[in-house]
Structure formats: C-alpha cells, structure tokens
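The values are calculated or read from the model by the stated rules, or taken from the named source; none is laboratory data. Not measured: the values here are computed from a predicted model. Note: ideal-geometry Cβ built from the backbone for every residue, glycine included; neighbour counts use all protein chains shown. SASA here: full protein model, heavy atoms, side chains in, ligands and nucleic acids out. Shrake-Rupley method; radii C 1.70, N 1.55, O 1.52, S 1.80 Å.
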Amino acid sequence: MAGRVIVVTSGKGGVGKTTTVANIGTGLALRHKKVVMIDADIGLRNLDVVMGLENRIIYDLVDVAEKTCRSVHKALIKDKRLSNLFLLPAAQTRNKDAISPEQMVAIVDELKEEFDYILVDCPAGIERGFDNAVAAATEAIVVTTPEVSAVRDADRIIGLLQDKEIYDPVLILNRLRPDMVRKGDMMDVDDINDILAIKLLGIVPDDEEIIISTNKGEPAVLNNHSKAGEAFRNIVRRMEGEEVPFMSVNGEPGLFGRFLKLLNGK
Amino acid sequence: MFVPATQPVHVEQLVFKGLKQGLTLFVPEKESFVYWLEVLDRQLDQAKGFFQGGAILVELGERQLTPGELAGLKKILAKYRIRIKGFNPVQRKKLNPRPEKQLPASSGVLLIKGTVRNGQRLEHEGDIVVKGDLNPGGELVATGDIIVLGALRGIAHAGAGGNVKAEIIAFTLAPVQLRIAHIFSRAPEGRKGQHGPEIAYIKGEKIVVERL
Ligand SMILES: Nc1ncnc2c1ncn2[C@@H]1O[C@H](COP(=O)(O)OP(=O)(O)OP(=O)(O)O)[C@@H](O)[C@H]1O
Ligand SMILES: [Mg+2]
C-alpha cells in the first residue's frame, strides 16, 4: 500500500512548520512507521538543523531532481536515533525554482511505495515554493499561531489547497498560551475554529523546551517532560486514527495536569 | 465505421446548447467536477479558434460548486478568453412546486457550498447564496442579492451594476465592508454581528441593517 503524503504548510512564516514536521516525523517513527521528511524550503533549509543532521548532508532535493545523484535513496539521510526515519534535505545555495512541481511529484512517487509517511516541510508564502511542496501531497496539515494575521494567512492557504484538490486539511494550533487565553488576551480554539472551520488535529502549547530541543537538534517529542512534546505525541496518535481528547484552554492535558485535576477532584 | 486515426472515440464530451438566454454549457451531475474540467479543457483546446472569447452560461443542475471548483472553471475558460455571464438558465423542476414567486428571470442563482475564504473572489450576474461563511479577505460580487447562510465577515457587494433594490442577508452579519449598488458602508469598528439573521438594504441614500 502506498504511503500517506502530507504537506505541512501555513502561509505565514515562523509559525512552527519545521518544528511540526520534525516532531511528527520522529513521533511516527517512534511508533515503528517508516517515515521520510522532505525539506522543500530550498534556500532556507533548517529541518536538518532541527533534527541534528546538518553534518551528514551530501546530496539534496535539487541534486535528486537534476539527477546529480544516482537515485533518491543516495540523498536520504538516516536519523541518528531511529533507523526507520529519513530526511531528504533541501538545497541551501539554490532558489525555489530550482525544482518544478512535476519533479517533486516524480521524486515522491519513487518514495511512496516504500514509506508509510512522507512529510513535506513547506516554505512560507504562496508562490513557487508552495506549489512545489503541495504538488505531490494528498493531505495537508495547516499550522497557525493564535494571532489574527497568522489565522488570516491560514485561511488563504486553505483556499489555495482547495485549488490543488486538497479538500480536507487539518489544523495544528501552535504556541498557545493558556494563561493569556484565560485572561482573554489571546484567541482561543473556538475563535479560530469559527473562522477556519476545519478539523483540529492538535494544540501545541508555547514551550521553551521547543527552543532548547531545537538548539540540541533533538525533537521535543522525544522528551517525556516537555508539554509540547506530549502535544505532538497526541497529534501522532490522532494521525494514526486514535481518539485522543482535547483540552481547549489548558492546551493538551499533560501528565502533571491530569494529576492536578485528580487532586482537585475534577 | 470510419474513424479518423487521431480522434479518440470513447471520450465523453460536454454539451453546449444555444438557449434563448445564450450559449449554455451543460455540466452533468454525475462524475466529479474536476473530471468535467479536464474534459472541458480538452474539448475547448480541440475547438480552438471556434470559441474565440465571448460569454457563456453554465447549467449545473443540482450540482453545487465549492469556491475552488468555481475558480478552476473560470481559470480554464479564461485560457480560451471565455467569460461566464450567468448560471443555471434552465428553470428546474421544483421538488415542491408551489406557483409562488419566480426566481429572478436574469441568470439564476449561484449556489456555493462551503466557506468563501481569504483571497477568494466570486462574481456572478444574478444572486449568490453561500451555504457557509464569507471570511475576512473574501469577496462576493453579485448583480442581484447576496445571501450568506453563515457568518458574513468579508466584503459583499450586492446590486453591482446599479440595482438599488438588492439586499444582503446573513445569519451573522459582521462584514468588513458592505456595498449595495453605488453605496458603500463600513462596519463600525468591532461589530461582532447580532445573534440571528440580519438584512442590509438601501433606505434613502444609506445602507441600513435590520434584524430579519
Ligand atoms: N510550541 C512552541 N513553543 C515555543 N517556541 C516554538 C514553538 N513552535 C515553534 N517555536 C519556535 O518558533 C520558531 C519558528 O519555528 P519553525 O522554524 O518551526 O517555523 P516555520 O513555520 O518552519 O518557519 P519558516 O516559515 O521560516 O520555515 C523557532 O525558533 C521555534 O523554535
Ligand atoms: Mg520552516
């Protein structure tokens, strides 16, 4: 059976696409899925850094497209920790138009039979880079933060995904701050759902562990004490078809939170 | 039977008919819309030179388009410099045939299923009905009425072309901007919209909003 090809996209930059790909990819691999992550952000690659794989890059996506390397497998980098997780890095010294949507489709077609999941890290924006990243995907995850401008861009992206015949994207709300939501200073899940009206895949709290783990090159999903890590583990379970409940204001229910709730008799 | 070698015989074709309202493209209700778009593209390509520009009507029957599907149709027609001047010219048999009010005789109603999103703009000669929301950054332009069976938060222009009798109705009316015929109105800052349907129309030289 061919694997699922999922693009992670947002419109607005810096909202957490790369973080999401790294964590979901690692989380799925922890569940023994065979996963490849494709960095489609040519010229601004950083999925390799977030994964701690930067020093292993020999060939990249453009080399594969231009057939500089013999096969796509030559360019795949195996993860340090998980032997069933791979990265196809972006080229750093080229532009978005160094590859075409058709080439992207051809590359993904080659990988589809072999992998359970193909995750594509999309660049910000709605131009060529977006067209490339979306070309081969049949599913999409839209990432937004709880800010009006990010939500507007997410809405625009959902419309553009329709034009590419991806009709049921799912949403990750990233960097939610429960304290701010409670004070009414931040949009909450309902406000965002009101506008975007697509299925919610998960809520990831704002968590400094993400920054620490990014610097270490070790996705937070591997860290049992990170709240964001737990949120990504729940997201992965939902992707695999499990029903995992949401907590709207407090983000995902963490172990500690659950413990507190028990203590408080709720 | 003689079949020219280059002409595939098994391909389904779309039907164009000359109705009294104008040249009309009939899109069957079976198969996906995307399927017919491909057929249309191929067909127009083969008929290049025959269809040089101009405006057509599109008969969709009971089919409802998503904003994305409509955009796809327009994109293909634009390639051959064809414009849509209206939808559904054929008066349909009603399930519940009450001999009440007739639909506006003009070009019929364009029924849109789903949310009209940021960056999407729909124009139609006739009325537009959206079964969903009109989001901020989205735009509807109709020569007739605009009805949004959800929240209207974007820009709506009814009566485009000058019909001052046109109306805008929404279940939640919280627009960025309303326009009826030549009259503009900007929503007061922070207007959230009442709970329950409201109607906007021209009274005197102003757009007024009332509960429905
Ligand atoms: N849940 C979070 N909590 C704290 N910081 C976060 C969180 N998610 C992302 N960040 C931080 O936000 C920054 C941007 O994240 P990331 O690179 O994943 O975004 P992106 O959407 O891929 O950006 P670009 O559009 O530039 O590709 C990073 O510094 C990252 O560490
Ligand atoms: Mg990124």
Q: For chain A, calculate the relative contact order in percent as a whole number, restricting contacts to Cα pairs under 8 Å that are 6 or more residues apart.
A: 24
Q.
Restricting everything to alpha-carbon atoms, can you work out Rg to Rh for the protein assembly as shown with a Kirkwood hydrodynamic radius?
A. 1.03
Q) Quick one: with all protein chains in place, what share of the accessible area of chain A is carbon or sulfur, to the nearest percent (1.4 Å probe)? A) 49
(Q) Treating only the Cβ of Lys, Arg, Asp and Glu as charged (+1, +1, -1, -1), what charge dipole size does the range B:109-211 show about its Cα centre? Round to the nearest 20 debye. (A) 260
Q: Divide by every residue of chain A the summed helix terms, -39500 (n - 2.57) for each DSSP H run of at least 4, and state the resulting mean residue ellipticity at 222 nm, rounded to the nearest 500 deg cm²/dmol.
A: -11500 deg cm²/dmol
Q. Taking the Cβ-Cβ separation of B:Lys131 and B:Ala47 as r and a Förster radius of 41 Å, what is the calculated FRET efficiency to the nearest 0.05?
A. 0.75
Q: Run down the lysines and flag those whose C-alpha is under 17 Å from the C-alpha of B:Lys206, throwing out any fewer than 8 positions away in its chain.
A: B:Lys165
**Q.** Packing-based ranking, highest mean first, of B:76-88, B:133-145, A:3-15 given that Cβ atoms within 10 Å are counted
**A.** B:133-145, A:3-15, B:76-88
Q.
Could you give the length gained by full extension between A:Lys216 and A:Lys78, i.e. 0.36 nm per residue of separation minus their alpha carbon distance, to one decimal place?
A. 47.9 nm
Q) What residue among A:Pro205, A:Ile58, A:Ser83 has its Cα farthest toward the positive end of the dipole of chain A, where the charges are +1 on Lys, Arg and -1 on Asp, Glu, each on the Cβ? A) A:Ser83
Q: Starting from the Cα of A:Asp191, move 7 Å in the Cα-to-Cβ direction to define the label point; list residues of the range A:1-24 whose amide nitrogen is under 19 Å from there.
A: A:12, A:15-16
Q) Is the shape of chain A best called rounded, prolate or oblate, per the rule: a/c under 1.5 gives rounded, else a/b larger than b/c gives prolate, else oblate, with a ≥ b ≥ c the square roots of the Cα gyration tensor eigenvalues? A) prolate
Q: Only counting protein heavy atoms at a 1.4 Å probe, give the residues of the range A:152-174, ordered by number, whose accessible area falls by 40 Å² or more when the other protein chains are present relative to the chain alone.
A: A:Arg152, A:Asp155, A:Arg156, A:Gln162, A:Asp163, A:Tyr167
Q. Shielding of B:133-139 by partners, i.e. mean partner chain Cβ atoms within 10 Å per residue?
A. 4
Q. Given labels modelled 7 Å from the Cα in the Cβ direction, how far is it in nm from A:Arg70 to B:Gln177?
A. 6.1
Q) Hey, what D do you get for the range A:1-152 in µm²/s if you plug the Kirkwood alpha-carbon radius into Stokes-Einstein at 4 °C and 1.567 mPa s? A) 86
Q | Nearest-0.05 FRET efficiency for B:Val90 and A:Ala106, computed from C-beta distance (R0 41 Å) | A | 0.40
Q. Tell me, which longest segment in chain A has none of the GluC sites (Glu not before Pro) that fall in DSSP loops with at most 10 further Cβ atoms within 10 Å?
A. A:114-241
Q. If you count the DSSP beta bridges with both ends in the range B:9-88, what percent of them are antiparallel, to the nearest 5?
A. 40
Q) Relative contact order for the range B:9-88: what is it in percent, counting Cα pairs under 8 Å that are at least 6 residues apart? A) 33
Q: May I have the pair-distance distribution P(r) for the range B:9-88, computed from all Cα-Cα distances with 5 Å bins from 0 and rounded to whole percent?
A: 3, 14, 28, 30, 18, 6, 0
(Q) With +1 assigned to the C-beta of every Lys and Arg and -1 to the C-beta of every Asp and Glu, and no other charges, what is the dipole magnitude of the protein assembly as shown about the Cα centre in debye, to the nearest 20? (A) 900
Q.
Can you work out the Karplus-derived ³J(HN,Hα) for every residue in the range A:97-103? Use 6.51 cos²θ - 1.76 cosθ + 1.60 with θ = phi - 60°, whole Hz, and x for glycine or proline.
A. 8, 5, 10, 10, x, 5, 5
Q. In debye, nearest 20: dipole of chain A around its Cα centre with unit charges on the Cβ of K, R (+) and D, E (-)?
A. 760
Q. Heavy-atom accessible area per residue, the protein assembly as shown, 1.4 Å probe: how many Å²?
A. 50
Q) So, in nm, how far is label A:Arg238 from label B:Leu19 when the simple model puts each one 7 Å beyond its Cα toward the Cβ? A) 4.4
**Q.** For the range B:121-151 and the range A:111-132, distance of Cα centres in Å
**A.** 33
Q: May I ask what percent, to the nearest 5, of DSSP beta bridges between residues of the protein assembly as shown are antiparallel?
A: 25
Q | Alpha-carbon Rg/Rh ratio, for the range A:49-132, with Rh computed the Kirkwood way | A | 0.93
Q) What does the convex hull of the alpha-carbon atoms of the range A:23-81 project to on average, in nm²? A) 4.2
